[in-house]
Amino acid sequence: MRVFVTGATGFIGLATTRDLIAAGHEVIGLCRSETKAQALAETGAEVYRGSIDDLDGLKDGLARADGVIHLAFKHDFSNFVANCRDDRRVVTGLGAALKRSDRPLIVTSGTGLASTVPGEAAREDNAIIGSDQHPRAISEEAAADVAATGVNVSVVRLPQVHDPRRQGLISPAIDIYRQQDACAYVGDGATRWPAAHVLDVARLYRLAIEKAEPGAKYHAVAEEGVTLRAIAETIGKRLDLPVKSIAPEEAPAFFGWLAMFATHDVPASSAQTQERLKWTPTGPGLLEDLAQLVVEDA
């Protein structure tokens, strides 16, 4: 299979590209950065120069692909709502390129969008909250619209994806901890975040596009929920910073834009995913990677 991968030079994208190639697939990797093109080429992928901002410029690469994994997203939280709206345009455009074919499109979302009863782990077949509650839901709404036109669309929902260098939303939390000279959690710290190692996530994307099941929803979750207290304590030990509890009303001042995530308990299950894709996570756990955290100079 020849797979077109957006975000191919990103944290998850590069790992997914390597996994696809190791499994015998060909990859056309979207790249707009001259400095990252070499790393992508070294994986054995075809470097396709372009940007998700110019969908017309992607037509040739998309025409030659047997399927698409959409991983690109603008991770600028100061323009988060606008970036989510941009993703609707991209998903719609990718879907239009695949129309009138059975070529699969994998769209990326987040496990926190799957609505659930408080305290229970979100399942893949749960309904998602709407974009009126969380703008990131726009991507899944766009996927549903594209599917309604007959395109083979499935969704991979991500937790905190990690290795010793990157850990999803925990990476900016670490920056905040260093700025605040303390590692904080809210209340009793029982709030939970699901997690998975980046290599396990890469393998899941490959299995998902190989299966190409229309309408499927997958959770790339290895650990259903790691408490923020355990996360803060592990980071505090690694960075030699004090660990403390703060009240909910203190969270905005301490965490800034991250406060909305630090106060939400969002465990998620991957039982259905593991059964449908025969996917068994084997990578290190989140706390294990945080204990080996690679800290860049401030």
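The values are calculated or read from the model by the stated rules, or taken from the named source; none is laboratory data. The shown structure was predicted, so the numbers you read here are calculated from the model rather than taken from an experiment. In this analysis, Cβ positions are derived from the backbone assuming ideal geometry, glycine residues included, and neighbour counts consider all displayed protein chains.
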Can you list residue pairs whose Cβ atoms sit under 8 Å apart, with the first residue in the stretch 126-145 being touching a residue at least 12 places away in the same chain (Cβ under 8 Å) and assigned by TED's automatic domain parsing to the domain that holds E213 and the second being of a type in the set (F, W, Y) and outside any helix (DSSP H, G or I)? Count only pairs 6 or more apart in sequence or on different chains. none
When you scan the stretch 265-298, how many residues do you find that are hydroxyl-bearing (S, T, Y) and without any contact (Cβ under 8 Å) to a residue 40 or more places away in the chain? 1
Out of I106, I128, sole residue that is closer than 27 Å to R203 by Cβ, buried (at least 21 other Cβ atoms within 10 Å of the Cβ) and out of contact with any Phe, Trp or Tyr (no Cβ under 7 Å at 6 or more places or on another chain): I128
Could you list all residues from the stretch 64-93 that are surrounded by fewer than 20 Cβ atoms within 10 Å (Cβ to Cβ), free of Cβ contacts under 8 Å to residues at least 60 places away in the same chain and among the charged types (D, E, K, R)? K74, D76, R85, D86, R88, R89
Is there a residue in the stretch 28-37 that is in contact with a Phe, Trp or Tyr (Cβ under 8 Å, 6 or more places away or on another chain) and among the small types (G, A, S)? yes
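Considering each residue of the stretch 64-87, count those that are within 10 Å of F4 (Cα to Cα) and outside any loop (DSSP other than H, G, I, E, B), and give that number.
Final tally of qualifying residues: 4.
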How many residues does the stretch 265-286 hold that are crowded, with 18+ Cβ neighbours inside 10 Å, not hydroxyl-bearing (S, T, Y) and not in a loop (DSSP other than H, G, I, E, B)? 3
Quick check on my filter: what residues within the stretch 108-122 are of a type in the set (A, V, I, L, M, F, W, C) and not in a helix (DSSP H, G or I)? A114, V117, A121, A122
Mind checking which residues of the stretch 34-63 are at pLDDT below 95, surrounded by fewer than 21 Cβ atoms within 10 Å (Cβ to Cβ) and part of a loop (DSSP other than H, G, I, E, B)? G50, S51, D53, D54
Just a yes or no: is a residue in the stretch 97-107 part of a loop (DSSP other than H, G, I, E, B) and of a type in the set (V, I, T)? no
Within the stretch 147-162, can one find any residue that is part of a helix (DSSP H, G or I) and in contact (Cβ under 8 Å) with a residue 24 or more places away in the chain? yes
Can you name the residue in the stretch 41-52 that is in contact (Cβ under 8 Å) with a residue 12 or more places away in the chain and of a type outside the set (G, A, S) and, of all such residues, is nearest to L258 (Cα to Cα)? I52
